[in-house]
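The values are calculated or read from the model by the stated rules, or taken from the named source; none is laboratory data. The structure presented is a predicted model; accordingly, all values stated were derived computationally and were not measured. Note that we place each Cβ from the backbone using ideal geometry, even for glycine, and neighbour counts take in every protein chain shown. Surface accessibility is based on the protein's heavy atoms, side chains included, excluding ligands, DNA and RNA. Shrake-Rupley method; radii C 1.70, N 1.55, O 1.52, S 1.80 Å.
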Amino acid sequence: MMSIKPDLIIVGAGMAGLCAAKTAIEAGARVLVLEKAYRSGGTTRLSDGVFNACDPQRQYPLDIHDSPERHFQDVMEQGRGKSHPNLLQAYTYGAQETFSWLEHLGFKFDDRVTQEAGTLYPRCHKPLEGGGASYIEFLLSVLSSSLCTVAYGCEVIGLKTNSNSCPTVIAQKKGDLIELTPRKGVLLCAGGFAANRRMVTSQFSLLTGSEYIGSRDCDGVVLSAAVHIGAECLHMSFFDLCSDSNEIEELLSNPADFILLNDQGKRFCREDLDVQSLYEAILLQNNHSADLVCLGPVKRESNSRQSNYPLEALNKYAKACRLKIDDEFGKNPYFLRYPFEVVKQFKVSPKMKCSLGGLLINEKAQVLNREREVMPGLYAAGEIVGGILGEKSASGEGLASAAVFARIGAREVLRI
Ligand SMILES: Cc1cc2nc3c(=O)[nH]c(=O)nc-3n(C[C@H](O)[C@H](O)[C@H](O)COP(=O)(O)OP(=O)(O)OC[C@H]3O[C@@H](n4cnc5c(N)ncnc54)[C@H](O)[C@@H]3O)c2cc1C
């Protein structure tokens, strides 16, 4: 595995783990990355690759006036005010530096700055080619060094504390148990826990029937191991939900252009809620799904196709639009457009994208115990951490915050 004792053991080789490994070897540290799967990437590999950061070089010429403070305010609003301000500040003020670091290493971002569905401001960056997998392939390519070993098929199943020094990592590889204690620190980057159905439904029972679309390897075993030795968790009932396609996600962001109907053909909520709240309302319906009925301006003389849709609900909604009063659910009159016709219809079944709760850390990525004290030698970054993004997050914050705290954690372990 590694003949000399590593300075740093990193658990998990996704965005957080690989950014931490690169940061550490830049400082000359010996790094051992333990990865459960037989290839790197975890959920990062499956992601769209959107990375949010304030980047004046690209934004100012486009007349986009952004700042870390504005990024902070947006994430706080998106997270319904639940983000820990010190963690969110460390993230949003560190995002620009981390973005530039990736570019200086040679990672190619598209020059365009976008505002992805559900985000509050145009500060989304995408890889020039490919999605999340491109970060993984790139980081692996710059990691090739005698200082770093990535051990695949090595699942961490436990942690042991050692008085006032680094914890010991217990891993299994091909049925053999291994105990490893690094010289300076252990950084937990094992992703979220949404693949663990029991953990998810014990926190948020509405998600019982929801499919999870991230990595199956992110099952909360490392999180539980940290809790077992005294680590504190928070926000464990907060999850990011999404739908089958970006098209549906975008449609749900335009409340004038749709209504949602349940399996009895009835509206069940005002449609001008934020997208995550709409998903929650859908989860409360039978089969945890709903019909998204898309509305547009009347274009045709003939209205024959409209008879395929639940007429009672449509007539009721048309009346509300004509009178500009939604008696049933109180949708803002601004979004009550009339006349309209049905353009198309989709089935929406919210899926779990990632868990937002996890280990409690401080702004130095140090894991805190239930007394809010620093646990010696134990650090965490990425989706395994809770409290940064609050109750809901938008596309682009997960990868960026994973990378920022990974770099903070690696530097802190090595005191650089
Ligand atoms: C479909 C989809 C699209 C997304 N798109 C975006 C996007 O565009 N932008 C964005 O910001 N976020 C996006 N996200 C969220 C984002 O992907 C995650 O927040 C991010 O990848 C988390 O990175 P991570 O390094 O913490 O975890 P991961 O990338 O999941 O890495 C964790 C690693 O730890 C390993 N591991 C787990 N358990 C163990 C163990 N016991 N021992 C050893 N190793 C272990 C896993 O195998 C994995 O390789 C998306 C998520 C999904 C599901």
### Query
Would you list Ile170, Ile213 from the most to the least accessible area, probe 1.4 Å?
Ile213, Ile170
### Query
Could you give me the ³J(HN,Hα) list for the range 202-210, computed from phi with Karplus coefficients 6.51, -1.76, 1.60 and θ = phi - 60°, whole Hz, x at Gly and Pro?
6, 9, 8, 5, 4, 8, 3, x, 8
#### Entry: Computed helical MRE - 222 nm, the chain, DSSP H runs ≥ 4 contributing -39500 (n - 2.57), nearest 500
-9000 deg cm²/dmol
### Summary
For Lys5, the accessible surface traced by a 1.4 Å probe with all protein chains present amounts, in square angstrom to the nearest 10, to 110 Å²
#### Entry: Positive-end residue of Pro255, Gly296, Ser349, charge dipole of the range 246-349 with Cβ unit charges
Gly296
### Query
From the backbone phi of the range 90-96, what are the Karplus-calculated ³J(HN,Hα) couplings (6.51 cos²θ - 1.76 cosθ + 1.60, θ = phi - 60°) in whole Hz, Gly and Pro given as x?
4, 5, 5, 7, x, 5, 5
### Query
Using a cut-off of 26 Å between alpha-carbon atoms, which lysines can reach Lys299, once sequence neighbours fewer than 8 places away in the same chain are excluded?
Lys266, Lys316, Lys319, Lys324, Lys331, Lys344, Lys347
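By how many nm would the segment from Arg216 to Asn254 grow when fully extended, if each residue of separation counts as 0.36 nm and the alpha-carbon distance is taken off? Please report the intermediate quantities before stating the final value.
On the way: separation 38, 0.36 × 38 = 13.68 nm, distance 3.25 nm.
Length difference between fully extended and current span is 10.4 nm.
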### Message
Per residue, how much accessible surface does the range 246-349 expose to a 1.4 Å probe? Answer in Å², no decimals.
### Response
54 Å²
#### Entry: Virtual spin-label span in nm between Ser144 and Ile325, 7 Å along Cα→Cβ
7.2 nm
### Query
Within the range 82-115, whose backbone N sits under 20 Å from a point 7 Å along Cα→Cβ of Arg372?
82-91
### Message
Expected output is a single nm value to one decimal: the length gained when fully extending between Asp263 and Gln115, i.e. 0.36 nm times separation in residues minus the C-alpha distance. What is it?
### Response
50.0 nm
### aspartates and glutamates with Cα under 12 Å of Lys392, excluding same-chain neighbours fewer than 8 positions away
Asp74, Glu77, Asp240, Asp274, Glu280
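Give, in nm to one decimal, the length gained when the segment between Lys5 and Tyr309 is fully stretched (0.36 nm per residue of separation minus the Cα-Cα distance). Could you put the intermediate results ahead of the total?
Values: separation 304, 0.36 × 304 = 109.44 nm, distance 6.68 nm.
That works out to 102.8 nm of additional length.
Dividing the convex hull volume of the alpha carbon atoms of the chain by its residue count, what do you get in Å³ per residue?
On the way: hull volume 61.9 nm³, N = 416.
Dividing the Cα hull volume of the chain by its residues yields 149 Å³.
Probe radius 1.4 Å, ligands and nucleic acids left out: which of Glu247, Glu77, Glu341, Glu391 has the largest accessible area, and how do the rest follow? Kindly include the intermediate steps, with their values, before the conclusion.
Numbers: Glu247 85, Glu77 125, Glu341 10, Glu391 35 Å².
So, going from the largest accessible area down, we get Glu77, Glu247, Glu391, Glu341.
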#### Entry: Karplus-derived HN-Hα couplings along the range 275-285 (A = 6.51, B = -1.76, C = 1.60, θ = phi - 60°), whole Hz, x at Gly and Pro
4, 5, 5, 4, 4, 5, 5, 5, 4, 7, 8
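Ordering Asp291, Asp55 from largest to smallest accessible area (1.4 angstrom probe), what's the sequence? It would help to have the intermediate numbers written out before the result.
On the way: Asp291 35, Asp55 10 Å².
Ranked from most to least accessible, the order is Asp291, Asp55.
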#### Entry: Protection proxy ranking, peptides 94-101, 309-316, average beta carbon neighbours within 10 Å, highest first
94-101, 309-316
### Summary
A 1.4 Å probe over the protein heavy atoms gives the range 246-349 a carbon and sulfur accessible-area percentage of 49 percent
### Query
So who's got an amide H within less than 5 Å of the one on Leu159, skipping anything under 5 residues away but keeping other chains? H placed 1.01 Å off N, in plane.
Ile170
